[in-house]
Amino acid sequence: MAVADMDRINVFMAVRRAEKPARRAALSLALPLIVFLVVAFVAPILYLLVTAVGNPETRQVLPRTLGALETWDGVSVPDEPVYAALAADLKVAKDNSTAALLGKRLNYEISGMRSRVLAAARMVERLDTGPYKQKFLELNKDWGSPESWAIIKRNGTSLTPYYLLTALDLQQAPNGSVERVQGDQAIFLDVLARTLFVAGLVTLFTLILGYPVAYVLTIAPKAIAGIMMLMVLLPLWTSLLVRTTAWVVLLQSDGVINDVLMALHLTSDRLQLIFTRAGTVIAMTHIQLPFTILPIYSVMRSIPATQLRAARSLGAPPSSAFWRIYAPQTLPGVVAGCLMTFILSLGYYITPALVGGPRDQMVSNFISVYINRDLNWGLAAALGVVLLVVTLAIYLLFLRLVGADKIKLG
Amino acid sequence: MNFSKRISPATDNPVDALVRFEDVKKSYDGINFVVKDLNLTVSRGEFLTMLGPSGSGKTTTLMMLGGFEQPTLGHILLDNRPVERLPPETRNIGFVFQNYALFPHMTVAENVAFPLRYRGITGIAARERVRQALGRVNLEALGDRRPAQLSGGQQQRVALARALVFEPSLVLMDEPLGALDKQLRERMQIEIKQLQTSLGITMVYVTHDQSEALTMSDRIAVFHDGRIQQLADPATLYNEPANRFVASFIGENNSLSCTLLAREGGLAVVRMADGTTLKAAGTNVSGTGTDMSISIRPENISLAGEGVRADLNRFIGKARDVFFLGDHMRLSIEAFGGQLVTARIPARQARHFASGADVVLECGISECRLLEV
Ligand SMILES: Nc1ncnc2c1ncn2[C@@H]1O[C@H](COP(=O)(O)OP(=O)(O)O)[C@@H](O)[C@H]1O
Ligand SMILES: [Mg+2]
């Protein structure tokens, strides 16, 4: 018995030893891609996550002030040592030109803070000795506001929920409680809902237009199917920017589409298509069509023609045979195609930017604005995180609803 | 040529006929006919097999009967009604496809219940019918499985149960056992034949496997090049092939070219290439002259015995290859001026021959069949 066991183990080890070179070879073949993925995919995502919660500015610029605030009770106006520490920190900041950085960061949470910090930095440069408290309060009475101090103290932590909360239209009150942002500040949930809506609409339209095309592709004679396939694929071989620009030309008020509609007397006035959501959805639907069609087509092609014939021979009329036998078997392709288009649509940027109006901008457009115009990397990263989480959630939801084996991406 | 009308006049009785093909032609491309002049009658309760090599038009014929293809010309009558314009779902014909065509997203029971819903059978009645149908093919226990969880043989049975559950008067099968291994195939042949007999179903069965056709069929239609070459019961087909194609397609056969000299009381006298004269059966062959052949099955050739008998042909050859195969011996003999003749000698007659040795052989005159080339 024991000998037999030993034999078995020896055989097992021998098999593993024998296969080792093959395993190594397989790993070494995949290694370049693994390295590339880590550098180009995993690392940026981790950086994104860190940026969305990172909070270095206050800690770097006001270390003494934060130390002095440790004993502060949080409700009264702080005492002289806090102001003295602030003055010392701001002097250093002025020398290092980091005051603007701090002002910009605190300005997100306390409006007017940027100019207050810059003015204070200029003031402390001229002061040699204290007491400082009086000077600060004379400069701007808001320096005595306990709420401002509470927010400064709160930002002494290395991580902050501020950006993520903002991306979800939430904010932290000075007392720490989370509340909903009111009025015209609350835009991000709106943008997120709009992004989901547009992506859903585009997915629906590509499915309605693409499903019959995929079916015709599978049953058409080879020569015709080849030409049709070329027409499906052609858009994929043109750059996204070119196709979007083409749509700008087509959709303009004096563009081709309006010319045709007018010539046919279908409309009496020129339609506003460019810079509208309808235009955005039309252009995105066109661009996304191949992504929906191809997975559906690949699944349809794998369904034998005898399936429909069998259903007919058993008594099913054509429509019943199609919906009860054929359509359910195309589900893996439908799910894969829709998932692909929906997820890609969530990240659309160029098309809404060029074809859509101000009210049609999607999450990605806001991310770009915060990166390029406002230099607010934290908020851009937080919006990215929200988009990532929503995408993952939808993907997992799909998996739960239809099962992983029902999604055929290849 | 078309032998169907002549060889089985008995089954042309219209009272018995369930299926009639009348001068059916089919072309897919408008140029070539893949089915040419098909005339065929299938009687009620009959097991008819269409046998032929790949591309001979068997599937096309079956598809026209099932309603999936339209005849280019001619008529198909089912129960004396022309059906060529009727859609398949109205024909009430059971169809078993080569790849089974089970519905992968349904359980076995749902597959079998599928045809019932279109016939207004639902609920308990449907469940009972499904149970019965699965019982017939010994699959009662597997109703909840998906087709993918079944072996090839089990899938085949489900397809059978599904095609039988609505009690069609006619069942069509297109190479249904092609994907199974030999042992399973032989068992399924017997099971299908038993089901067909016990349920009294009319069956039209397509195969390219001659032993399958011989095992199961009441009659066999041999297809070649879009035509029926011969329509006959298995024994006739084997013993009295109508032409050279049938002779070589069914079983092993020596085909030897010859010249027809004369006809003598139902027998033909032929001269072989080396001048040997033989007698042969096959009075149904009309031609005369040089362009003929005789066919002899290897098992009908034996080593010549004592004395000369009037009912035997005798000829001489040289042994080329000799194989001993346990129950018999295979001899490859050069005879009639260089033609190779294969003989299958029973083991009890077996002797050793050196290659090149002279051998005297004989075969029954009735087993030498004269054929047109
Ligand atoms: N759908 C079709 N379109 C065009 N040609 C076909 C089609 N189906 C069969 N054929 C051609 O018809 C001929 C007969 O085919 P088929 O009936 O399938 O023969 P078998 O079943 O005896 O192998 C073949 O040459 C085949 O290429
Ligand atoms: Mg076939």
The range B:147-224 to the range A:293-342: how many Å between their Cα centroids?
28
If you take every residue apart from B:GLU299 with its C-beta less than 11 Å away from the C-beta of B:GLU299, what net charge results, scoring Lys and Arg +1 and Asp and Glu -1?
+1
Accessible-area loss of at least 10 Å² in the complex relative to the chain alone (1.4 Å probe) applies, within the range B:70-94, to B:PRO88, B:GLU89, B:ILE93
Once you compute Rg and the Kirkwood Rh from C-alpha atoms, what is the Rg to Rh ratio for the range A:57-158?
0.91
For the cross-link pairs A:LYS91/A:LYS153; A:LYS104/A:LYS141; A:LYS104/A:LYS133; B:LYS182/B:LYS318, which exceed 29 Å when the distance is taken from alpha carbon to alpha carbon?
B:LYS182/B:LYS318
Given Cα positions, please report Rg to Rh for the range B:140-193, the hydrodynamic radius being the Kirkwood one.
0.96
B:ASP311 accessible area, nearest 10 Å², 1.4 Å probe?
80
Computed lengthening from B:LEU73 to B:VAL269, 0.36 nm per intervening residue step minus Cα-Cα distance
66.3 nm
Carbon plus sulfur fraction of accessible area for the range A:32-99, probe 1.4 Å, in percent:
69
Net charge dipole size for the range A:267-375 [Lys, Arg +1 and Asp, Glu -1 on Cβ; Debye, nearest 20]
400
Could you work out [θ]222 nm for chain A from helices alone, using -39500 (n - 2.57) per DSSP H run of at least four and dividing by all its residues? Round to the nearest 500 deg cm²/dmol.
-22500 deg cm²/dmol
Return the carbon/sulfur percentage of the accessible area of the range A:188-406, one whole number, probe 1.4 Å, all protein chains in place.
74
Which cross-chain or sequence-distant (5 or more) residues have an amide H under 5 Å from the amide H of B:GLN229, H modelled 1.01 Å from N in plane?
B:VAL222, B:PHE223, B:HIS224
To the nearest 20 Debye, how big is the dipole of chain B about its Cα centre, given +1 on the beta carbon of each Lys and Arg and -1 on that of each Asp and Glu?
540
Could you compute how much accessible area chains A and B hide from each other, both sides summed, with a 1.4 Å probe? Nearest 100 Å² is fine.
1800
Give the Rg (one decimal place) followed by the Dmax (whole number) of chain B, computed from C-alpha coordinates and expressed in Å.
24.5, 77
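At 37 °C and 0.692 mPa s, what whole-number value in µm²/s does Stokes-Einstein give for the translational diffusion of chain A, with Rh from the Kirkwood sum over Cα pairs?
D, rounded to a whole number, is 122 µm²/s.
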Calculated [θ] (222 nm, deg cm²/dmol) that DSSP helices of n ≥ 4 give over chain B, each run adding -39,500 (n - 2.57)
-7000 deg cm²/dmol
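Suppose all protein chains stay in the model; what accessible area per residue would a 1.4 Å probe give for the range B:56-134, in Å²?
41
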At 20 °C and 1.002 mPa s, grab the translational diffusion coefficient of the protein assembly as shown from Stokes-Einstein with a Kirkwood Rh over Cα pairs, rounded to a whole number in µm² per second.
61
P(r) tail fraction, the range B:138-296 - alpha-carbon pairs more than 25 Å apart, %
47
Points 7 angstrom from Cα along the Cβ direction at A:THR238 and A:ALA43: gap in nanometres?
3.7
For the range B:92-146 and the range A:54-109, what is the centre-to-centre distance using only Cα atoms, to the nearest Å?
79
Semi-axes (Å, rounded, descending) of the ellipsoid equivalent to the range B:1-151 per its C-alpha gyration tensor are 34, 18, 15
Accessible surface of chain B, 1.4 Å probe, proportion on carbon and sulfur as whole %
49
Once both label points are put 7 Å beyond Cα along the C-beta direction, the A:HIS265-A:PHE322 separation in nm becomes 3.6
Charge dipole of the protein assembly as shown about the Cα centre (unit charges at C-beta), most positive-ward option of B:ASN80, A:VAL77, B:ILE301:
A:VAL77
Starting from the Kirkwood radius over alpha-carbon pairs of the range A:231-313, derive D by Stokes-Einstein at 37 °C in a medium of 0.692 mPa s and give it in µm² s⁻¹.
212
Expressed per residue, the solvent accessible area of the range B:217-280 in Å² (1.4 Å probe) is about 38
Measuring from label point to label point, each 7 Å out along Cα→Cβ, what is the A:LYS91 to A:ALA193 span in nm?
5.3
How big is the convex hull of the Cα atoms of the range B:214-373, per residue, in Å³?
130
What's the Cα-based Rg to Rh of the range A:157-202, Rh via Kirkwood?
1.12
At 1.4 Å probe radius, can you tell me the per residue accessible area of the range A:57-158 in Å²?
49
List the residues of the range A:304-326 whose accessible area drops by at least 30 Å² when all protein chains are present, compared with their chain alone, using a 1.4 Å probe and counting only protein heavy atoms.
A:THR306, A:GLN307, A:ARG309, A:ALA310, A:ARG312, A:SER313, A:LEU314, A:GLY315, A:ARG324, A:ILE325
Which one of B:PRO71, B:ALA148, B:ALA281 has its Cα pushed farthest toward the positive end of the charge dipole of chain B, where Lys and Arg give +1 and Asp and Glu give -1 at the Cβ?
B:ALA148
Which semi-axes, in whole Å and largest first, does the equivalent ellipsoid of the range A:299-410 have when worked out from the alpha carbon gyration tensor as the square roots of 5 times its eigenvalues?
43, 15, 9
Of all the Cα-Cα pairs you can form in the range A:188-406, what percent are over 22 Å apart?
60
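The values are calculated or read from the model by the stated rules, or taken from the named source; none is laboratory data. These numbers come from a predicted model, not from an experiment. Heads up, the Cβs are rebuilt from the backbone with ideal geometry, glycines too, and the neighbour counts pull from every protein chain shown. These accessible areas exclude ligands, DNA and RNA; they are computed on the full protein's heavy atoms, side chains included. Shrake-Rupley method; radii C 1.70, N 1.55, O 1.52, S 1.80 Å.
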